[in-house]
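Working notes for the structure below.
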Amino acid sequence: MRISYETESAIKILAAVAIIAVVVLYYLLAPIVTYKPVPYGVAAPKGQIVLLENITIGDYAWNNAVNLQRYLLIKGSEDYGDSVTLRLQDPDWCLDVVIWEGQKYVRTEECIRELVIPKYLFEISRAFYWYVGSGYYIIIYKPEGAPENYELVNFTVTYGEETDWGAFKVAYPRD
């Protein structure tokens, strides 16, 4: 049994269209089917060594302190609410918050151990990494005495029901 030229051409065209449709559907549906949310957590600092600095922001100054705005990196793609809570675990350390109000720097928190950060103060990248935005400074320091070289500072970051730990070791810069 022979098939006509028209039928053979129609079968070839339908086969090509079917193959193209399968490929297009695969590329459209694969990301949806295989989507995995980025789990929440502290990406950094996780034990890194951070150099102590003498920090001056506007009229405020700290000796041997860390500007956590430069180091804090959170990850996650789920929406658990409107705020993130940062808690220091070491009783010898505390933190100050300084913000830029358009005309001057203002210290909004002084020597606290728990800080609630509104979610809108974070800049979120396409890879779901959260950076503390510019103009919002979280300064961690030891109010009583000088920090020891390589002293460990522990903290937790809570977003909704999810909590993760972070830590860094402070070190004095070499002369």
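Per-structure values
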| quantity | calculated |
| --- | --- |
| Residue among A43, A15, A146 with the largest mean-square fluctuation in a Gaussian network model of the chain, springs linking Cα atoms under 10 Å | A15 |
| Lysine pairs with alpha-carbon atoms under 20 Å apart, the chain, spacing 8 or more or separate chains | 6 |
| R0 of 35 Å, Cβ-Cβ distance Y71-V17: FRET efficiency to nearest 0.05 | 0.05 |
| Solvent-accessible area of K169 with every protein chain in place, 1.4 Å probe, in Å² to the nearest 10 | 80 Å² |
| Centre separation in Å (Cα based) which lies between the range 105-164 and the range 85-99 | 7 Å |
| Theoretical gain in end-to-end length, A61 to E6 [0.36 nm per residue, Cα-Cα removed] | 11.3 nm |
| Gain on full stretching of the segment that runs from V24 to Y172 - 0.36 nm per residue minus C-alpha separation | 47.6 nm |
| Carbon and sulfur %, accessible surface of the chain computed with the full protein complex present, 1.4 Å | 55 percent |
| List K119, K36, K104, ordered by accessible area with a 1.4 Å probe, largest first | K36, K104, K119 |
| In range of the label at T156: residues from the range 92-120 whose backbone nitrogen is under 19 Å from the point 7 Å along Cα→Cβ | 92-95, 112-118 |
| Computed accessible area, S125, all protein chains, 1.4 angstrom probe, square angstrom | 40 Å² |
| Cα-based helix-to-principal-axis angle, 5-33 vs the chain, degrees rounded to 10 | 10 degrees |
| Projected area averaged over orientations for the chain, convex hull of C-alpha atoms, nm² | 17.8 nm² |
| Rounded to the nearest 20 debye, dipole of the range 122-167 from Cβ charges on Lys, Arg, Asp, Glu | 200 debye |
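The values are calculated or read from the model by the stated rules, or taken from the named source; none is laboratory data. Here the structure is a predicted model, which means the values were calculated and not measured. All Cβ positions, even for glycine, are placed from backbone atoms using ideal geometry, and neighbour counts span all protein chains on display. Please note that ligands, DNA and RNA were not included when accessible areas were found on the heavy atoms of the full protein model with its side chains. Shrake-Rupley method; radii C 1.70, N 1.55, O 1.52, S 1.80 Å.
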